[in-house]
Structures are given as structure tokens and as C-alpha cells.
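Chemist: Below is a structure I'd like to ask you about.
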Amino acid sequence: MQTLKEIISLYDAKSIILSHIKKQSVEEVLLTESLGRFLAEDIIAPYPLPQNDNSAMDGYAVKSEDLKDASIENAVKLKVVEVITAGKKPAITIRNGQCARIFTGAIIPEGADAVIRQEDVIKNGEYILVSKHVEPKTDIRERGSDLAEGEKVLSAGDRISPAIIGLLASLRKSRLKVYKSPSVYIIATGNELVDIDSPYDNFTIVNSNSYSISAMAKELNAIPYIGGIIKDTKESIRQCFERAIEHDIVITTGGVSVGEYDLVKEVFAEMGVKWLFWKVKIRPGHPIAFGVYNDKIFFGLPGNPVSAMVTFDQFVRPAILKMCGHEHLEREKIKAKCLSKIKKKSGVIHFIRGIFSVKNGEIYVESIDNQSSSAINVMAKANCYIILNENETRVEPGDTVLIEIFKKW
């Protein structure tokens, strides 16, 4: 087994991982199948939005100069010469003393330069009476005010949201080039593990990691495959390896520490995986391994449920995002006023599970009492990490801390 690097920093670990990540190949998908995918092309507006000046209100398209002297004492009488609905091309040029009935989204006719709302007029047969002045461009959405023709709308690497789908539909983009979703093979190791549909007992441990890690991968639009539980024998691990290398990313949970039965690193190395590190100066998640095999990447995550999720967040997540061409690999980090007293040892970065909230425009955070790396209930309640750097050893209530938000609702 090759010699691995000694324990390294969080930042060195991320740098090593990202230096080995390549973008996925590109495929074309239907717009209706693109939600959550990452664009592999820039999108340029082929025409302006809106394509024409149109009405922002139901009302009447008028010449504003006709109404310059309009008042309650001096109502102006205009003849309605056309009715214009959305999607209809106006047929008449509006002249002095005329107007057009117009509905929201309908094209402003030639000659008109403002819209007066229907509630501000009195209808009188084929005429309207107007007793207020309007400025030019009132209640008109101008051509190109949303998007100019030729404007760059989206960039390669942008993730497709419901609003983006609506935008692309308005630009008549029925097919899109996107990065292929990486496949992620997830393995749990340990003789003590059983699957969720096994009979209940009080001494085995349910394999929850495969399900949480699968969900975290799916949230990034990767394609997870749960490879099941492998026992702590070299033969079981070798057989699993042959299945695993069909995928882009291989994730194991457990089996990468220093115990007598932690065989994953050793066996995978025998099979050709080049391990680049296996300890990082963080808590939880100290024993995290990273390796490469041809164009495949391997992550050995800790077996404790919280440690597995924290290390996925910090190492696997940015790798998947880079594979998909995304530029923003880190979650939002902001400052918050801490409501809790926290102590920790120096020399490592701690990711403390916390709950942030906003009160009177100020951001507050408090740590959750049980910070055990096995406390999955705490992880389910948390919505952020309180990040304490290597040199921080104490936080007092009222101190400002850095938090990383992973859940906002």
C-alpha cells in the first residue's frame, strides 16, 4: 500500500480533490427534463423581452398630449377606435382624440404613448371621459426592458431552476445542452450493519448513511446508486470494487479509520486506487480518505452518520459541482451573533451543528447541545454549521461567528 500524506488541512484537502476533478461530457435534453441540471452552454437572447411595447394594465392606450389639460372640471372625451387583446397585432394608428381599449400584455398601437387605467375613466358608449393627466410611458412595459436582443441570459454551469425554465421557454429553447449527471456508487462497510428492512433487534446498526448520502448526491442532480453493505473481508471488498468502478464517483462510509477491520483503503489500494490523503484537520470527519483510479474518484467517508454528512458537504459536494461546470463550489457563509457558549481544542476546524434565525434584521445562531458525530437527530434539526477555525478555542454568547447555511426553510 502506498504511503499517504500525513494529516492535512481542510484547504489543502479541497485543493487536492478539485485538482483531480474534470468536467462531465455534454448531452442534450428537453427543456421539460432539465430541472436541476447544469447548463453546458451560454444562452443568448435571440430577441428582446418583451418583444414589443405592451400594456402593464387593463385600460386604454392614449396619446398623453390629449390629456395634458384633463381635470375633474375639464374631462377629455376620447373615441375608442379599437380593442386590442394580448397576442393581437394592432390594426389602427391612434390619432388625436382617439384611444384603444387595451388589455394587460397587449401591444401598444402606433401613435399611443401611455395607458390610462380602466378605473380612471368613465365609459360613455363608444367614448371614454378622462379627468386626469398621464405622463408618456405610463403603464407601458417597454420593448427589451426585461432582456435586450443579444444579451447573455445564462452562463454554462448555471443550475436550471423553475424560473429559468420559464425564461428559456419564453426564448423558445425547447432543447438544452447540459453536463451529464455524474453517477455516484455508495457503499457501506461493517459487519455490524443491517439494512432498513431487516428485522428489528437492539444490537445491530441500521445502514442510514447510504440513504442520507444518496439523498445529498441526488440533491445535486447526481445519480446515486446504493451498492448495499459489504462485510469487513478482503474478498467482499474486492468484489464490490469491480462493480464500483463502473461509476464516476465511489463513496464508502466506514472502513477508512485505523481499526482492525478497516480494510477499505488497503484493499482498494491493492486494486489500483491511488490514495492521496486520509486524514484532515477537521471535526467531525477527521478520517476522510480521497483517491483516484484512472478517471474515477474515490471518497472514504467516516462511518458515524454526522461525520459522513459533514465530509460529504465539505469534500464531495464541491467535487460534484465542479464536475457539472458550476462556478460556485462553496455554500453561502455569513457572520452571525452566537447565543451559545462553545469550547473546542485548537489545531482543527470544527463544524458545529447549529440553528440560525433572523430577528429584527439581525442574524443569530445557537449551537445544538449534543454535538456527537453519531447524533443524526441533531443533524436533522440543524440548518447551518458554526465554523470555528484552528485557532479558535472559545466562543462566548454575543460573539460573532462564521456560519455556513445548508437549509433555509
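Chemist: Criterion first (surrounded by 22 or more Cβ atoms within 10 Å (Cβ to Cβ) and farther than 27 Å from VAL184 by Cα) does VAL365 satisfy it?
Modeler: Numbers: surrounded by 22 or more Cβ atoms within 10 Å (Cβ to Cβ): yes; farther than 27 Å from VAL184 by Cα: yes.
Here the answer is yes, as VAL365 does meet what is asked.
Chemist: Against the condition touching a strand residue (DSSP E or B) at 6+ places or on another chain (Cβ under 9 Å), touching a residue at least 40 places away in the same chain (Cβ under 8 Å), assigned to a helix (DSSP H, G or I) and surrounded by fewer than 20 Cβ atoms within 10 Å (Cβ to Cβ), how does ARG331 come out, does it pass? Steps first, please.
Modeler: Numbers: touching a strand residue (DSSP E or B) at 6+ places or on another chain (Cβ under 9 Å): yes; touching a residue at least 40 places away in the same chain (Cβ under 8 Å): yes; assigned to a helix (DSSP H, G or I): no; surrounded by fewer than 20 Cβ atoms within 10 Å (Cβ to Cβ): yes.
Considered against the rule, which asks whether it is touching a strand residue (DSSP E or B) at 6+ places or on another chain (Cβ under 9 Å), touching a residue at least 40 places away in the same chain (Cβ under 8 Å), assigned to a helix (DSSP H, G or I) and surrounded by fewer than 20 Cβ atoms within 10 Å (Cβ to Cβ), ARG331 comes out as no.
Chemist: Using the structure shown, decide if VAL378 is more than 27 Å from the chain's Cα centre (by Cα), within 29 Å of ILE7 (Cα to Cα) and among the hydrophobic types (A, V, I, L, M, F, W, C).
Modeler: On the way: more than 27 Å from the chain's Cα centre (by Cα): no; within 29 Å of ILE7 (Cα to Cα): yes; among the hydrophobic types (A, V, I, L, M, F, W, C): yes.
Judged against the criteria, VAL378 is not a match.
Chemist: Additional query: Scan the range 101-142 for residues that are within 20 Å of LYS89 (Cβ to Cβ) and modelled with pLDDT under 95 and report the count.
Modeler: Count: 0.
Chemist: Is it the case, given these coordinates, that ILE334 is aliphatic (A, V, I, L, M) and over 18 Å from CYS384 (Cα atoms)? If you could, list the steps in order and put the result at the bottom.
Modeler: Working: aliphatic (A, V, I, L, M): yes; over 18 Å from CYS384 (Cα atoms): no.
So ILE334 does not fit the description; no.
Chemist: So if I check each of ILE7, ILE84, ILE16, which one is at pLDDT 95 or above, under 40 Å from the mean Cα position of the chain (by Cα) and either more than 30 Å from ILE122 (Cα to Cα) or assigned by TED's automatic domain parsing to the domain that holds TYR127 (or both)?
Modeler: None of the others qualify; the one that does is ILE16.
Chemist: Which ones in the range 357-373 are of a type outside the set (Val, Ile, Thr) and assigned to a strand (DSSP E or B)?
Modeler: Looking only at the range 357-373, we keep the residues that are of a type outside the set (Val, Ile, Thr), and these are 357, 359-362, 364, 366-367, 369-373.
Scanning the range 357-373 gives SER357, LYS359, GLU362, TYR364, GLU366, SER367.
Chemist: Here is a further query. Which of the residues that make up the range 160-197 are charged (D, E, K, R) and within 30 Å of ASN207 (Cβ to Cβ)? Steps first, please.
Modeler: Narrowing the range 160-197 to residues charged (D, E, K, R): 172-173, 175, 177, 180, 192, 195, 197.
Scanning the range 160-197 gives LYS180, GLU192, ASP195, ASP197.
Each row is one residue, and each column tells you yes or no for (1) among the aliphatic types (A, V, I, L, M); (2) surrounded by 15 or more Cβ atoms within 10 Å (Cβ to Cβ).
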position: LEU154; (1), (2): yes, yes
position: ASP158; (1), (2): no, yes
position: LEU176; (1), (2): yes, yes
position: ASN202; (1), (2): no, no
position: ILE205; (1), (2): yes, yes
position: SER212; (1), (2): no, yes
position: GLU219; (1), (2): no, no
position: ALA222; (1), (2): yes, yes
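Chemist: Of all residues in the range 242-265, count the ones that are closer than 20 Å to ALA308 by Cβ and at pLDDT below 85. Even if it seems obvious, please write down each step before you answer.
Modeler: Of the residues in the range 242-265, the ones closer than 20 Å to ALA308 by Cβ are 244, 247-259, 261-265.
In the following step, the residues that additionally are at pLDDT below 85 were identified as 254-259, 261-265.
Of the residues in that region, 11 qualify.
Chemist: Mind listing whichever residues of the range 277-292 are outside any loop (DSSP other than H, G, I, E, B) and buried (at least 18 other Cβ atoms within 10 Å of the Cβ)? Working first, answer last.
Modeler: Going through the range 277-292, the residues outside any loop (DSSP other than H, G, I, E, B) turn out to be 277, 280, 282-283, 289-292.
The answer is PHE277, VAL280, ILE282, ARG283, ALA289, PHE290, GLY291.
Chemist: Within the range 42-55, can one find any residue that is among the polar types (S, T, N, Q), closer than 30 Å to LEU176 by Cβ, in a strand (DSSP E or B) and modelled with pLDDT of 95 or more? Full working, then the answer.
Modeler: We begin by selecting, within the range 42-55, every residue among the polar types (S, T, N, Q); these are 51-52, 54-55.
When the remaining residues are screened for being closer than 30 Å to LEU176 by Cβ, the result is 51-52, 54.
Next, only the ones that are in a strand (DSSP E or B) stay: 54.
Those left that are additionally modelled with pLDDT of 95 or more: 54.
Yes, some residue in the range 42-55 is among the polar types (S, T, N, Q), closer than 30 Å to LEU176 by Cβ, in a strand (DSSP E or B) and modelled with pLDDT of 95 or more.
The values are calculated or read from the model by the stated rules, or taken from the named source; none is laboratory data. Since the model is a prediction, treat every value here as computed from it, not as a measurement. As a convention, Cβ positions derive from the backbone with ideal geometry for all residues, glycine included, and neighbour counts pool all protein chains shown.
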